[in-house]
Amino acid sequence: MIRQAARAARGLAAASLVAGCLLAGERPAAVLALAALALLLAALPPVLRGRGQLALAGFAGLAAVGLRLGLGAGWMLLAVVAALCAWDLEHLLERLSHPAYAGSEDARGAVERVHLGRLLAVAAVGLLLGIAGLLAQARITFLPALLLSLLALLGLSWVFSFFRAWGE
């Protein structure tokens, strides 16, 4: 179940990048994005440790190039969030390959269900916050931006600790 979800997330990330190119009328960029994604995903063997990190960096890099080219920021945001989900699910697959989960399908299934629920919640909140950030027009100086960033980090650490305590 997790392997298919990781593939679906990777596919959503690739489709978002290509859709952003096509909807902006950039057919050559879409072809280049498809070629880069095919190379990125085909060149990384499934047994390569750290494959998820390389794929995440590739998707984020392509999304950054898409933003630089003026493609749809919403599509690039969706691509990065989907790539983050794929990275997280591949990390979970590595964790579930530990011998402690080898004999117990019930324990593995419970971990998968809880993790998928949390991941969907975090991805939805991330997308909503990203969309709010794209729609909000605000000019702030460096110091307030720094303070807001620190506040956001504190909030995220609180959310992560809440989910960690909730899962135990």
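Numbers at a glance
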| item | result |
| --- | --- |
| Order by protection proxy (mean Cβ within 10 Å, highest first), peptides 74-83, 17-26, 145-154, 123-132 | 74-83, 17-26, 123-132, 145-154 |
| Distance in nm between pseudo-label sites at TRP166 and LEU23 (7 Å out along the Cβ direction from Cα) | 3.0 |
| Gyration tensor (alpha-carbon) shape descriptor, region 84-128, a/c threshold 1.5 | oblate |
| Sum of -39500 (n - 2.57) over DSSP H runs of 4+, divided by residues of the chain (222 nm, nearest 500) | -29000 deg cm²/dmol |
| Rg/Rg_globular for region 106-158, with Rg_globular taken as 2.2 N^0.38 Å and Rg from C-alpha atoms | 1.61 |
| Cβ-Cβ FRET estimate between ARG118 and ALA64, R0 fixed at 30 Å, reported to 0.05 | 0.65 |
| Rg(Cα) / (2.2 N^0.38 Å) computed for region 2-137, rounded to two decimals | 1.14 |
| LEU154-ALA107 pseudo-label distance in nm [points 7 Å out on the Cα-to-Cβ vector] | 3.9 |
| Residues ARG27, ARG10 arranged by fewest to most Cβ contacts within 10 Å | ARG27, ARG10 |
| Kyte-Doolittle at least -1.0, axis length at least 30 Å by Cα - qualifying DSSP helices, the chain | 2-23, 73-96, 105-135, 142-167 |
| Backbone N within region 2-26 under 15 Å of label point (7 Å from LEU93 Cα along the Cβ vector) | 2-13 |
| Kirkwood hydrodynamic radius over Cα pairs of region 66-168, then Stokes diffusion coefficient at 37 °C and 0.692 mPa s, in µm²/s | 201 |
| Mean separation of Cα contacts under 8 Å (6+ apart) over length of region 2-137, as relative contact order % | 33 |
| Fewest-first ranking of ASP88, ASP106, using other Cβ atoms within 10 Å as the exposure measure | ASP106, ASP88 |
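Throughout, read-outs are computed from the coordinates displayed, never taken from laboratory work. Note that the coordinates shown come from a computational prediction; the quantities given were computed from them, not determined experimentally. Positions of Cβ are generated from backbone atoms using ideal geometry, with glycine treated the same way; all protein chains shown enter the neighbour counts.
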